[in-house]
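Peer 1: Starting off with a structure, shown below.
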Amino acid sequence: MKRLNCFFVGLMAVVTMTAQEYRLWYNRPAMTWTQALPVGNGVMGGMVFGTPAVEHIQLNEETIWAGQPNQVVNPHAKEALPKVRQLIFEGKYKEAQQLANEKVMPVSAGKNMGMPYQPFGDLYIAVPGHADYTAYERWLDLDNARSMVRYKVDGVQYERETIAPLGGHEVIAVRLTASEKGKITFTANMTSPHENVLIGSEGLEATLLGVSAKHESLKGKVRFMGRMAVDAEGGKVSSSNGNISVVGADEAVVYLTVGTNVKSYKDITGDEAQQSRERLHGAMQLGYEALKALHEKTYHRYYNRVRLDLGKDTFASMPTDKRIEQFGRVTDNYLVATYFQFGRYLLISSSQPGNTNPANLQGIWNDKMLPSWDSKYTTNINLEMNYWPSEVTNLTELNEPLFKLIREISVTGRETARDMYGAEGWVLHHNTDQWRITGPVDHAQTGLWPTGSAWLCRHLWEHYLYTGDKDFLRQYYPIMFEAARFYTQTLQKHPTKGWLVVCPGESPEHGGKGRPSPLDAGVTMDNQIVTELYTNVLEAARILGIQDSTLTIIKAQLPQLPPMQIGRWGQLQEWLDDLDDPKDNHRHFSHLFGLYPSNQISPYRTPKLWEAARKSLEARGDVSTGWSMGWKVCSWARLLDGDHAYKLIKDQLTLTADTFLIFGTVKQRGGTYPNMFDAHPPFQIDGNFGCTAGIAEMLMQSYDGFVYLLPALPGLWKDGSVKGLVARGGFEVDIDWKDGRLAVATIRAKHGGRCLLRSNTPLSGKGIKKTKEKGVYSLATKAGMTYTIKGL
């Protein structure tokens, strides 16, 4: 009888875990784009509004960008740069900025400043008689990657299921069903904000043909064709003039895809019509049920690797936007777990192996012809932040589009290094786009920042640290090496301080107090980034057994780079000079790159710098733009302050009004939109990804030579568990905790070797041994083996 009772208790636990689902749920249709719900497969993206009478799905295809293949280097830059450097070293910062804008930046030579990512258009499904509805609900099912709409009209229940199927079929599919047969009647059509599109029908298929826009005098040459068809059970289907009508069907599936002529960043000779046919027909031949099954199988292979349980869903009957609105006043840990998984969902949906492009500033979702910052790739933090969760939350394959971009810009960046700096190697400044531009864009005070290439190289090294893949390291080592070669030839000796410095450089988008320009020499972030690149290249060369004369130069230059410095009020200096203002609350705190995402600042190896970093972060304040708060979650986790990190999550999960343009009375602030998109404002997806990475960092860290279990657990997360986080060294980690103390941890070793563990709770387990350092344990592991650790 005892065994039977235990069985039922265990069964109930299993049922409870299975019933726990993560979704965004609402009881009314979306009024604005930031209330609509995103679906995507890396190629196609859709925003589902869920209006019963006229469904609206805004659509994107990853390669629809303005312009055409091009580069943006000013031909006068190489001649002007020595004078710009001289003026900076002489303290004539305003004059240096003026000269750089006149002779170095591309706009003064008639060049563009990068191309915008643009929408395809919109799908509308008009349903007669459905303006009067009841029992309405819509939700985004994060566990199965689908958007659902459900409501009743005249006692009949209607459902719409929208998926952007993963698994190699680049379409958007919408299945319409009803509780009674013969009740599915609608007309579907496509529209586009692009000029002079051609809309028509080919048999029972609707088409929309267009070309991307001209921007900053560069003609748009991306041709695209949308293609739509309907597979209906029963009823009648007809098409004319770009409209598809269905009358009296039992159910129907609308399939829509987009083909373009983009084959790569330098090749636009593709056939958009043929690609649209192949994509549409391939999905339709498979059929909806098989397409959905493949989609869910592919999605679950990624999504199900990590589970986060922070407690029961105590507000399940409340719409998600209302939960966000009240989050600052109540404890809703389930919403935090939902937000974490939403971030993983967004990365799975916007960055898939085989994509032409990685996730951009808005992932893959954009409804504007001229989106903010062109929705391109800002590389002074934003692109990098997009991929912060990729390794630690067990989505390593999703880095592939980023690695592809790095391969491509290492080619175009060689031209920029040669033509702009007269140097070997390659360089990237603070922005790139689909055409893989690598020269500086915008104004000198924001764009003349030549360390984007070095920052992106850390993603290559991090991938090796997490996976131990020597073949990968061997493949990408030349890219890291050539990025370092550029700095060996362009670093300048500071005339008064003697250090080797990046000049011109800047602390991104921010200048020191009393300085008329952000342009400077030897700013802390540049020093940290180049130091890290040099260190990683030397270690990679050692691992691979490579010797080269340039490595000797790198080794000699490394100790000549400026060290991090502590300033007059105990802060980590942002600049070579002590210019920091304790009242400065700028969104960028770039000098803390060394704290996160880098590993140069540690409470154990560099305690004074760690305290100085804390001083700097305290002075910056908490509330800021959405992405900045996401970065602060990561940073406070590295400062081992779980309660402060949680406070930043509360600040980030503050509802941002998204109707101010309509009503003109509500001011926006950084936070989260009703659909959980991050608000800079406007929408920037990097904040979602940054906070997701930060939550993982609160639960497990591995940057400091050991796996730290529960390093920054906030007091409000008393009980919980996380499954499937990945630590550097190839260890997969599960953690259960009770009353704020570690209960059980499971370590799965991919490669084997010694695993050092740090815990605030004493540990025990087979094979685990104490070390001389308090709280640190050693575990000898073998490849493929699993180890269970218990807290005492």
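Peer 1: Evaluate the distance, in nm, between pseudo-label points positioned 7 Å from the Cα of Ala783 and of Leu370 along their respective Cα→Cβ axes.
Peer 2: Those two pseudo-labels are separated by 5.6 nm.
Peer 1: List the aspartates and glutamates whose alpha-carbon lies under 16 Å from that of Lys103, not counting same-chain residues fewer than 8 positions away?
Peer 2: By straight Cα distance, Lys103 reaches Glu79, Glu95, Asp419, Asp442.
Peer 1: Considering only protein heavy atoms and a 1.4 Å probe, what is the carbon-and-sulfur percentage of the accessible area of segment 22-100?
Peer 2: Answer for segment 22-100: carbon and sulfur cover 52 percent of the accessible area.
Peer 1: Let me ask you something else. Relative contact order of segment 235-353, please, whole-number percent, based on alpha carbon pairs below 8 angstrom and at least 6 residues apart.
Peer 2: Once normalised by length, the contact order is 15 percent.
Peer 1: Now for a separate question. Measuring from centroid to centroid over Cα atoms, what is the spacing of segment 410-442 and segment 23-70 in Å?
Peer 2: With segment 410-442 and segment 23-70 each reduced to a Cα centre, they are spaced 33 Å.
Peer 1: PRE reach from Arg748 (point 7 Å along Cα→Cβ): which of segment 455-481 fall under 18 Å by backbone N?
Peer 2: 466-469
Peer 1: Show me 223-234, 535-546 ranked by packing, highest mean number of other Cβ atoms within 10 Å first.
Peer 2: 223-234, 535-546
Peer 1: What is the percent carbon and sulfur in the accessible area of segment 695-792, measuring with a 1.4 Å probe over the protein chains and ignoring ligands?
Peer 2: 53 percent
Peer 1: Counting other C-beta atoms within 10 Å, and keeping those with at most 14, which DSSP coil trypsin sites (Lys or Arg not before Pro) do you find in segment 753-792?
Peer 2: Numbers: sites: Arg754, Arg758, Lys766, Lys769, Lys770, Lys772, Lys774, Lys782, Lys790; in loops: Lys766, Lys772, Lys774.
Passing both the DSSP loop test and the Cβ count: Lys766, Lys772, Lys774.
Peer 1: Here's a follow-up. Could you tally the net charge around Lys312, taking each other residue with its Cβ under 13 Å from the Cβ of Lys312, Lys/Arg +1 and Asp/Glu -1?
Peer 2: That works out to -4.
Peer 1: For the chain, what relative contact order do you get, as a whole percent, if you take Cα pairs closer than 8 Å and at least 6 residues apart?
Peer 2: On the way: 1903 pairs, mean separation 88.8, N = 792.
So the answer I get is 11 percent.
Peer 1: Which whole-number value in Å² is the accessible area per residue of the chain, probe 1.4 Å?
Peer 2: About 36 Å² of surface per residue is accessible.
Peer 1: Same structure again: Test of the criteria: in segment 445-514, which trypsin sites (Lys or Arg not before Pro) are in a DSSP loop and have at most 16 other Cβ atoms within 10 angstrom of their Cβ?
Peer 2: Loop-located and lightly packed - Lys497, Lys513.
Peer 1: Straight-line reach only, C-alpha to C-alpha below 13 angstrom: list the aspartates and glutamates that Lys94 could link to, leaving out same-chain residues fewer than 8 apart.
Peer 2: Hits, sequence-local ones excluded: Glu102, Asp520.
Peer 1: Measuring from a point 7 Å past the Cα of Met31 along Cα-to-C-beta, which residues in segment 669-691 have an amide N at less than 14 Å?
Peer 2: Only 674-675 pass the distance filter.
Peer 1: Using Cα-only point scatterers and the Debye equation, what is log10 of I(q)/I(0) for the chain at each q in 0.05, 0.06 Å⁻¹, rounded to two decimals?
Peer 2: Log-scaled intensity ratios, in q order: -0.26, -0.38.
Peer 1: Here is a follow-up. Less than 14 Å from a label point 7 Å out along the Cα-to-Cβ axis of Glu289: which backbone N atoms in segment 223-243 qualify, by residue?
Peer 2: 233
Peer 1: Another question, if that's okay. Can you give the FRET efficiency to the nearest 0.05 for Thr269 and Lys772, using r as the Cβ-Cβ distance and R₀ = 51 Å?
Peer 2: Efficiency at R0 = 51 Å is approximately 0.20.
Peer 1: Okay, moving on. Please work out the C-alpha center-to-center distance from segment 156-170 to segment 268-317 and express it in whole Å.
Peer 2: First find each Cα centre; the distance between them is then 8 Å.
Peer 1: Still on this structure: Quick one: net charge around Leu533, please, counting Lys, Arg +1 and Asp, Glu -1 for every other residue with C-beta under 12 Å from its C-beta.
Peer 2: After counting each charged neighbour, the total is -2.
Peer 1: Please compute the net charge surrounding His463, taking Lys and Arg as +1 and Asp and Glu as -1 over other residues with Cβ under 11 Å from its Cβ.
Peer 2: Result for the local shell: -3.
Peer 1: Moving on. Just from its helices, what would the mean residue ellipticity at 222 nm be for the chain, if runs of 4 or more DSSP H residues each count -39500 (n - 2.57) and the sum is divided by every residue, rounded to the nearest 500 deg cm²/dmol?
Peer 2: One gets -10000 deg cm²/dmol as the mean residue ellipticity at 222 nm.
Peer 1: Considering all projection directions equally, how large on average is the shadow of the alpha-carbon convex hull of segment 417-527, in square nanometres?
Peer 2: The Cα convex hull of segment 417-527, projected and averaged over all directions, gives 8.5 nm².
Peer 1: Distance between the C-alpha centers of segment 688-747 and segment 552-586? Whole Å please.
Peer 2: The two parts, judged by their Cα centres, are 31 Å apart.
Peer 1: Would you mind computing, in nm to one decimal, how far apart the modelled labels at Leu792 and Arg307 are, each placed 7 Å from Cα along Cα→Cβ?
Peer 2: 3.0 nm
Peer 1: Note the full-extension length gain between Tyr604 and Arg568 as 0.36 nm times their separation in residues minus their Cα-Cα distance, in nm to one decimal. Mind showing how you got there, number by number?
Peer 2: Details: separation 36, 0.36 × 36 = 12.96 nm, distance 2.31 nm.
That pair, Tyr604 and Arg568, stretches by 10.7 nm at full extension.
Peer 1: Still on this structure, I have one more. Considering every Cα-Cα pair within segment 584-656, what fraction, in whole percent, is farther apart than 18 Å?
Peer 2: Counting pairs separated by more than 18 Å, the tail of P(r) holds 32 percent.
Peer 1: Taking all protein chains as present, what is the carbon and sulfur share of the accessible area of segment 175-294, in % to the nearest whole number, probe 1.4 Å?
Peer 2: Working: 2540 of 5430 Å².
On segment 175-294, the fraction of accessible area on carbon and sulfur atoms equals 47 percent.
Peer 1: Using label points projected 7 Å from each Cα along Cα→Cβ, tell me how many nm separate Arg515 and Glu539, to one decimal.
Peer 2: 2.9 nm
The values are calculated or read from the model by the stated rules, or taken from the named source; none is laboratory data. All figures in this text were calculated on a predicted structure; none of them were measured in a lab. Cβ atoms come from the backbone with ideal geometry, glycine included; neighbour counts cover every protein chain shown. The accessibility values were calculated without ligands, DNA or RNA, using every heavy atom of the protein model including side chains. Shrake-Rupley method; radii C 1.70, N 1.55, O 1.52, S 1.80 Å.
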